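All remarks here apply to the structure that follows.
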């Protein structure tokens with residue numbers, strides 16, 4: 001039933017306007033749902049183990065929000081699925097003050113430190129209109145298994161809308177800005193983030209990307 005309504009709204013601008021009016025608050029708070037939608041779709045989430053009562057869940061009923069087994073949202077975490085599904089796997093830790101705006105997927109065992117930003121969307125750039133009147137576009141972000149993001153890291157989806165992928169077991173240093181894919185089993189740092197180490201399975205050590213000189217992990 002939900003899929004039928006959404007499909008009809010995509011093809012009928014008037015129906016879409018009516019749904020937006022029923023679901024969302026008026027400007028400048030239009031990214032937030034109305035109180036009765038919040039009561040039905042969001043409030044029950046706060047009784048789930050692992051979600052802090054101080055977390056901010058901006059959830060819409062037409063996109064998914066999934067939090068896996070034993071995963072945790074710490075204090076003041078913000079989750080917004082208005083631009084796309086936010087899917088978080090099992091045994092994932094989301095640190096204090098982190099903001100996640102879909103479309104974002106995290107596999108199992110990911111670790112997200114404090115005050116990280118993971119943004120799976122982009123605003124329009126027309127300079128003649130206020131930014132909140134410009135259309136937004138999705139830019140999916142995929143975190144592989146056991147990815148770790150250091151404190152203050154910013155992960156921004158690609159501007160062309162193709163998925164940005166952080167490979168399994170990659171490590172991102174604190175305060176890095178990630179705008180491109182990061183390969184599995186690597187360490188990336190900086191703004192923009194660049195790979196500085198990779199895991200050598202033969203040597204069983206972290207080595208630099210410019211040679212086989214051993215580095216201390």
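Look at residue 200 and say whether it is surrounded by 11 or more Cβ atoms within 10 Å (Cβ to Cβ), modelled with pLDDT of 95 or more and either touching a helix residue (DSSP H, G or I) at 6+ places or on another chain (Cβ under 6 Å) or more than 17 Å from residue 105 (Cα to Cα) (or both).
Numbers: surrounded by 11 or more Cβ atoms within 10 Å (Cβ to Cβ): yes; modelled with pLDDT of 95 or more: no; either touching a helix residue (DSSP H, G or I) at 6+ places or on another chain (Cβ under 6 Å) or more than 17 Å from residue 105 (Cα to Cα) (or both): yes.
So residue 200 does not fit the description; no.
Here are some conditions: (1) surrounded by 12 or more Cβ atoms within 10 Å (Cβ to Cβ); (2) closer than 25 Å to residue 32 by Cα. Residue 175 meets all but one. Which one does it not meet?
Exception for residue 175: condition (2).
Within the range 90-116, can you find the residues that are touching a strand residue (DSSP E or B) at 6+ places or on another chain (Cβ under 8 Å), over 12 Å from residue 155 (Cα atoms) and surrounded by fewer than 19 Cβ atoms within 10 Å (Cβ to Cβ)?
93, 111
In this structure, is residue 128 surrounded by fewer than 19 Cβ atoms within 10 Å (Cβ to Cβ), at pLDDT 95 or above and within 23 Å of residue 26 (Cα to Cα)?
So residue 128 does not fit the description; no.
Taking the range 68-82 only, how many residues are modelled with pLDDT of 95 or more, within 13 Å of the chain's Cα centre (by Cα) and either surrounded by fewer than 23 Cβ atoms within 10 Å (Cβ to Cβ) or closer than 18 Å to residue 144 by Cβ (or both)?
1
The values are calculated or read from the model by the stated rules, or taken from the named source; none is laboratory data. Computed from a predicted structure; not experimentally measured. For neighbour counting, all protein chains shown are included, and Cβ atoms are generated from backbone atoms with ideal geometry for every residue, glycine included.
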